[in-house]
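Take a look at the structure below.
The values are calculated or read from the model by the stated rules, or taken from the named source; none is laboratory data. None of these values were measured; they are calculated from a predicted model. Because the Cβ atoms are built from the backbone with ideal geometry, glycine has one as well, and the counts that use them run over all protein chains shown. All accessible areas refer to the heavy atoms of the entire protein, side chains included, with ligands and DNA or RNA removed. Shrake-Rupley method; radii C 1.70, N 1.55, O 1.52, S 1.80 Å.
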Amino acid sequence: MKLPINIARLQGEIDTLALITEGQPPVVTRVLFSEADLRGRALVKNLCREAGLVLREDAVGNFFARWEGTDKSLPPVATGSHIDAIPNAGKYDGVVGVLGALEAIRALKQAGFQPSRAIELIIFTSEEPTRFGLGCLGSRLLSGVLPPEKAALLKDREGKSLETWRKQAGCSGRLNSVRLRPDCYSAFIELHIEQGLVLEKTGQAIGVVEKIAAPSTLRLQLTGVGGHAGATLMPGRRDALLAGAEIALAVEKAATTTGSPDTVGTTGILRSEPGAVNSVPCRAYLEIDLRDTLVKTRDAALREIEQAARAICRRRRIKLEMERLNVDPPAICEAALVNAITTICRTQKISCRRMISRAYHDSLFMAQVCPTTMIFIPSYKGYSHRPDEYSSPQQIEKGVAILAATLAQCAGSRA
Ligand code: HGY
Ligand code: MN
Ligand code: MN
């Protein structure tokens, strides 16, 4: 049965949400608890209420929109994603999995489905690492991967704490109340853009995720000696930015020599102080993102980068402070869910393939809570985390249709 998915309405909501940004459209930026993030949250909450869903929010700002089932004894099936966005982002990352899931629920309601299990849409707090340097803050706390006492110590670049930010955003309750009970959900399925080139290259409409790559993040603070760019001669300089630059090249070397094509290393942040053209940089700050689908090669590359950083700073007489912000295992998705979704695709004559996710998602942590998988739709030229990120309404509609059928099957709904 073809569900009444209203793709024009959904595209309109995606476009409206994209206008709520700290940047200038088409640039989307919505950093955790910024004024734009709070407005985006309010918009999504209203849409969920209009769809007749019951809302609740936890102490760190994860919010849940629930379609009650007929059998309250059964744990719900969950879906969802995030609406926060890194600086200079696009309008589909995360949003397709939130507004697309809402559209799937509205279509099921309109088609007269009545779920036995409740269906719960989760909008996760801070999937992106921008505010505190740690991604998936909300799902780390929900899954228990991040202890609440550690989360309470998080501070942003200006030294403002998570406690201050969340209180300012109106979150109430203690962080130790966020963690989900075991067996709280029967399954979690996240709809998301692929953020890579595979589906576009193979011409397949849907990707079903079997594994999510293992992310890690290093934070380095380098302290050298500043000085006048004209009067400080080259011998004996202790230029923190140059040490940082060498370390960034060491990241590239480590990531390209593991022998694994899946190792990716990025020095996404390299800032120096004082940031004056005629002043030798006395301090540098780096955040390094390193991932692989194999923990062994990821960890070997991480150790190599740490050793290189120590050697470079020793040789350049730079003080090095280095910490691992996160070193996460990969997630293996639930085979039964993956099989069910590929069968649904076949029944609906929508092409699909099994694949890995090189990006991380809240599913990486929900997989530690309940059986989990992801449904991918193609990304134009693999673009993501940039304003020209794009998926067509037809591609989104197919993703929503497969998600809706999957939720209906998991929720044991009756027409
Ligand atoms: O960085 C990631 O993989 C995700 O998009 N936050
Ligand atoms: Mn992202
Ligand atoms: Mn995302």
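Quick notes
- For region 382-397, putting each phi into the Karplus relation 6.51 cos²θ - 1.76 cosθ + 1.60 with θ = phi - 60° gives couplings of x, 5, 6, 6, 7, x, 8, 4, 7, 9, 7, x, 5, 5, 5, 4 Hz, in residue order, rounded to whole numbers and with x for Gly and Pro.
- Cut-off under 5 Å, modelled amide H: who pairs with PHE188 long-range: ALA78, THR372, THR373
- Under 5 Å from the amide H of CYS333 lie the amide H atoms of LYS211, ILE212, each residue being 5 or more positions distant or on a separate chain, with H modelled from the backbone and absent for Pro and chain starts.
- Student exercise, region 214-327 dipole from Lys, Arg, Asp, Glu Cβ charges, in Debye to nearest 20: 460 debye
- Excluding same-chain neighbours fewer than eight residues apart, the lysines reachable from LYS398 by a Cα-Cα span under 22 Å are LYS2, LYS91, LYS109, LYS201, LYS211, LYS349, LYS381.
- Here the chain exposes an accessible surface that is 54 percent carbon and sulfur, computed with a 1.4 Å probe and the other protein chains kept in place.
- Considering only beta bridges that DSSP places wholly inside the chain, some 70 percent are antiparallel.
- Cysteines having no other Cys beta carbon under 4.7 Å from their own, within the chain: CYS48, CYS136, CYS171, CYS184, CYS282, CYS313, CYS333, CYS370, CYS410
- Heavy-atom accessible area per residue - region 214-327, 1.4 Å, Å²: 51 Å²
- Probe 1.4 Å, accessible area per residue of region 45-152, Å²: 28 Å²
- Pairwise Cα distances in region 214-327 exceed 26 Å for 22 percent of all pairs.
- Karplus 3J(HN,Hα) series, Hz, for region 287-294 with 6.51 cos²θ - 1.76 cosθ + 1.60 (x for Gly, Pro): 10, 10, 10, 10, 9, 6, 7, 10
- Evaluating 6.51 cos²θ - 1.76 cosθ + 1.60 at θ = phi - 60° for every residue in region 349-359, the Karplus couplings come out as 6, 10, 5, 8, 8, 7, 7, 9, 9, 7, 7 Hz, glycine and proline recorded as x.
- Note on CYS184 and GLN168: the extension gain reaches 2.9 nm, defined as 0.36 nm multiplied by sequence separation minus the Cα-Cα distance.
- Per-bin percent of Cα-Cα distances, the chain [20 Å]: 26, 55, 17, 2, 0
- Nearest-20 debye value, the chain charge dipole, Cβ charges on Lys, Arg, Asp, Glu: 440 debye
- The trypsin sites (Lys or Arg not before Pro) of region 308-415 meeting both criteria, a DSSP state outside H, G, I, E and B (loop) and at most 16 other C-beta atoms within 10 angstrom of the site's C-beta, are ARG317, LYS349.
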